[in-house]
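Note sheet for the following structure.
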Amino acid sequence: MELVLASSNEKKLKEIKEILKDLNFKILTLQDFSDLPLVKEDGKTFRENAIKKSKEYQRALGKIVLAEDSGLQVPALGGAPGVYSARFAGKEQNDKKNIKKLLELLKDIPKERRRAVFKSVVAITFLDGKTKVASGTYRGWINFKPKGRFGFGYDPIFIAPQYQKTFAELSPGLKNRISHRARALRKAKEVLEELAV
């Protein structure tokens, strides 16, 4: 059976493939198809974006599609960057600029008010057009400066409390076991495993 991962983010795809590697599916990505129209992520929530991507790509490809939308929510900033996490500092996706903007906005905020939540929502649309959704969260806080060489996005400034390290300081293997994305994908995997039996 084939499963299409609806993402063009290479670093995200690498994580998702690693987490799903023992699934009994042939995993494809959008790069395996030509002339695909890009689905506009204009939802107000991660859930809306994930569902929209999985449904529209499923219709276009006629295959089972898994789409994921995720981001960082900082209560001290009213939940920002939220669905705009990837393009927080502008339309282009630039991790360094996004981190710089977030740290500038938080520069006068003390540690106890720098709480943050990573959220991931995974939507799978099946051949019959039905969609199942799974989500995962990971709570931590925003560091005062970037640390670590692994990961991507906001990983260099997001502290995992039980390790007292940023996601970027954790090994990719550990992050892929504990992260918000791992939690959402574990639930999605259960749904897909039932299908692959």
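None of the figures in this text is laboratory data; all of them are computed from the coordinates on show. Quantities reported herein were computed from a predicted structural model and do not represent experimental measurements. Note that each Cβ is placed from the backbone with ideal geometry, even for glycine, and that neighbours are counted across all protein chains shown.
Which residue, Ile16, Ile109, Ile159, has the most motion in a Gaussian network model of the chain that connects Cα atoms within less than 10 Å?
Result: Ile109 has the largest fluctuation of those listed.
Per DSSP helix of 4 or more residues, -39500 (n - 2.57); summed, then divided by the residues of the chain. What does that give at 222 nm, rounded to the nearest 500?
-9500 deg cm²/dmol
With a Förster radius of 22 Å, plug the Cβ-Cβ distance of Asp32 and Val191 into 1/(1 + (r/R0)^6) and report the FRET value to the nearest 0.05.
Efficiency, rounded to the nearest 0.05: 0.50.
Taking neighbour Cβ counts within 10 Å as the exposure measure, how do Lys63, Lys53 sort from fewest upward?
Lys63, Lys53
Are there GluC sites (Glu not before Pro) in the stretch 37-110 that DSSP marks as loop and that have at most 11 other Cβ atoms within 10 Å, and which are they?
In loop regions of the stretch 37-110 (DSSP not H, G, I, E or B), the sparsely surrounded GluC sites (Glu not before Pro) are Glu92.
As an exercise, use a Förster radius of 35 Å and the Cβ-Cβ distance of Lys111 and Lys11 to find the FRET efficiency, rounded to the nearest 0.05.
Given R0 = 35 Å and the Cβ-Cβ separation, E is 0.80.
Given H placed on each backbone N at 1.01 Å, which residues far from Val4 in sequence or on other chains put an amide H within less than 5 Å of it?
Placed amide hydrogens put Leu28, Ile64, Val65, Leu66 under 5 Å from Val4.
Give me a comma-separated list of calculated 3J(HN,Hα) values for the stretch 57-66, in order, Karplus coefficients 6.51, -1.76, 1.60 applied at θ = phi - 60°, integers in Hz, x for any Gly or Pro.
These are the phi-based 3J(HN,Hα) values: 6, 5, 5, 6, 9, x, 10, 5, 10, 10 Hz.
If you take the C-alpha gyration tensor of the chain, multiply each eigenvalue by 5 and take the square root, what semi-axes do you get, largest first, in whole Å?
Each semi-axis is √(5λ); the values are 30, 18, 14 Å.
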